[in-house]
Structures are given as structure tokens and as C-alpha cells.
Amino acid sequence: MSTKALPPGAATNKFADLAGCWADLRLTTALLTAARDVDRAADDAATVISGLGEAAIMSYARCFGKGRRVHLTERVVPEESRIVHRIVLALRDKFTGHAVNAMSQAVVTGQTENWPDRTSIRGLAFRAHVQRSLVIDMMLLVATVRDALADEIEAARLEVQIAHEQIATSDLLRLGDIRVLATAAPGFDFVAARRAGQSSGQIQIPVIDTGQQGGEPAATITIV
């Protein structure tokens with residue numbers, strides 16, 4: 001058995017976009033689970049939880065961000081979960097994905113004991129932390145969104161089936177096999193490459209050039 005890349009089209013592209021959203025939600029769940037399970041007695045617990053929480057916020061919000069990929073709308077968020085959903089998007093807009101503002105600032109202080117010696121001048125940086133309580137609320141939110149999205153994905157899968165039902169097995173066998181190719185990241189057009197990849201059977205994964213020879217590109221593949 002081999003895996004073939006179906007020709008692009010409205011139905012195929014929509015399903016691909018939903019699959020991308022599903023992968024982002026799976027990543028969000030993994031990040032939140034890791035944040036929830038951090039040993040809160042550890043010295044760096046608050047920092048680790050906040051870091052994982054910020055990454056989860058960005059991953060979740062990417063599903064709803066306007067761009068080239070078809071984005072999700074609030075209709076996949078159950079009414080009882082929309083308050084947390086809007087809080088998460090607001091945090092993305094005003095905190096994790098925004099320029100420095102009141103949630104991340106610094107002040108300059110002078111210590112009276114050795115003033116005006118230069119060593120008495122300090123910079124204190126303040127940064128809001130994602131709390132574990134928000135992590136728990138987000139886990140429930142993502143679970144409800146994934147449940148709602150599952151129905152939409154199956155509907156989109158049916159559209160793909162209908163759009164390509166004229167393709168016989170013999171025709172499918174002649175399509176390109178899925179292959180992963182590495183390409184340099186600067187200036188890389190993700191969407192154009194994906195669209196082209198669907199017709200040729202090649203999926204191009206952008207990688208950062210580290211200057212090291214022989215490195216292999218890494219990719220996480222989510223099957224929907």
C-alpha cells in the first residue's frame with residue numbers, strides 16, 4: 001500500500017487546511033498537558049508552566065488567525081467555552097504575540113545604600129505569567145473545539161470523496177507518492193509549496209540552515 005497525493009481543488013484544499021488546524025490543536029493539547037504535569041515544587045515551575053502556556057496560546061490562536069489557510073471561526077467553539085476562547089485570543093493579541101506593553105515592562109531603580117555608585121542602578125523587568133488555572137481552562141476549551149471540529153473534518157472528508165470519486169484505483173496508483181523534501185526557510189512560500197506538493201506528491205519542509213553538513217530535516221506528521 002502506498003500513500004498518494006490527491007490533486008488540488010476546493011474540497012481537497014479545504015480538507016488540508018482543516019487537517020492543519022487539527023495538527024495545531026493536537027500540539028496545543030500536548031503543550032497544555034506538559035504544563036499541567038510540571039512539578040509545582042520545582043524552583044522553575046512557574047517559568048516552565050508559563051513558557052508552555054504561551055506556546056499553547058500561540059498554537060491555539062493560529063487556528064483562528066486570518067491568513068492564507070482557511071481559519072476556524074467561533075462557530076466551532078461551544079457557547080459555554082467562548083469566554084475562555086476570547087481570553088486566549090486576547091492574550092495572543094495583547095501579550096504573547098504583541099509588542100511590549102503593560103503586561104511586559106521594565107523600570108530602572110537606584111539603591112540608596114551605595115547611591116550614586118553605578119552598581120546601585122538596576123533594571124527590573126516584569127512579565128505576566130500564564131497561570132496553571134488558565135492551563136486547565138484551556139485544556140477543557142481545546143477538547144470541546146476538537147470535538148466540534150471532528151464533525152467538520154468528516155464533512156470535509158466526504159466532500160473530498162465526492163470530488164474525486166471518479167478517480168479509479170488504477171488512476172490513483174499513477175499519482176505521485178508522498179515524499180518529504182527539505183528546502184531553505186528564507187523566503188519560502190509555504191502555501192504555494194503545499195499546493196504544488198499536492199499535485200506532484202512532494203511535501204516540502206522548510207528547514208533552518210545551521211551551517212552543519214549532513215543534517216536531516218525533522219517533521220511531525222499528523223494523520224487526520
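The values are calculated or read from the model by the stated rules, or taken from the named source; none is laboratory data. These numbers come from a predicted model, not from an experiment. Virtual Cβ from ideal backbone geometry, glycine too; neighbours counted across all protein chains shown. When the accessible area is computed, the model is the full protein with side chains, heavy atoms only, and any ligands, DNA or RNA have been set aside. Shrake-Rupley method; radii C 1.70, N 1.55, O 1.52, S 1.80 Å.
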*From the set of residues in region 49-68 that are surrounded by 19 or more Cβ atoms within 10 Å (Cβ to Cβ) and part of a loop (DSSP other than H, G, I, E, B), which is nearest to the chain's Cα centre (by Cα)?*
Cys63
*Do we have Arg75 as under 18 Å from the mean Cα position of the chain (by Cα) and open to solvent by 60 Å² or more (accessible area, probe 1.4 Å) here?*
no
_Those residues of region 110-138 which are at pLDDT 90 or above, within 27 Å of Lys66 (Cα to Cα), open to solvent by less than 50 Å² (accessible area, probe 1.4 Å) and out of contact with any Lys or Arg (no Cβ under 8 Å at 6 or more places or on another chain), in sequence order_ = Leu134, Met138
*Regarding Ala46, is this residue in contact with a Lys or Arg (Cβ under 9 Å, 6 or more places away or on another chain), among the small types (Gly, Ala, Ser) and surrounded by fewer than 16 Cβ atoms within 10 Å (Cβ to Cβ)?*
yes
*For region 14-42, how many residues meet the condition of being surrounded by 18 or more Cβ atoms within 10 Å (Cβ to Cβ), of a type outside the set (A, V, I, L, M) and farther than 21 Å from Asp147 by Cα?*
0
_Close pairs from region 44-73: first hydroxyl-bearing (Ser, Thr, Tyr), partner part of a loop (DSSP other than H, G, I, E, B), Cβ under 6 Å, at least 6 apart_ = Ser50/His129; Ser50/Val130
*Give me a count of the residues in region 1-37 that are modelled with pLDDT of 95 or more and part of a loop (DSSP other than H, G, I, E, B).*
1
*Of these, Val107, Val88, which one is open to solvent by less than 50 Å² (accessible area, probe 1.4 Å) and either within 24 Å of Gly20 (Cα to Cα) or out of contact with any Lys or Arg (no Cβ under 7 Å at 6 or more places or on another chain) (or both)?*
Val88
*What number of residues within region 105-158 are out of contact with any helix residue (DSSP H, G or I) (no Cβ under 7 Å at 6 or more places or on another chain) and of a type in the set (S, T, N, Q)?*
6
*Consider Phe95 against the criteria (1) among the hydrophobic types (A, V, I, L, M, F, W, C); (2) outside any loop (DSSP other than H, G, I, E, B); (3) more than 30 Å from Ala19 (Cβ to Cβ): it satisfies all of them except one. Which criterion is unmet?*
(3)
*Could you count how many residues in region 145-204 are at pLDDT 85 or above, of a type in the set (Asp, Glu) and not in a helix (DSSP H, G or I)?*
1
*asked:* Show the residue pairs meeting these rules: Cβ distance below 6 Å; 6+ apart or different chains; first residue within region 116-138 and within 18 Å of Thr28 (Cβ to Cβ) and among the charged types (D, E, K, R); second residue part of a helix (DSSP H, G or I) and open to solvent by less than 80 Å² (accessible area, probe 1.4 Å).
replied: Arg132/Ile49; Asp137/Val84
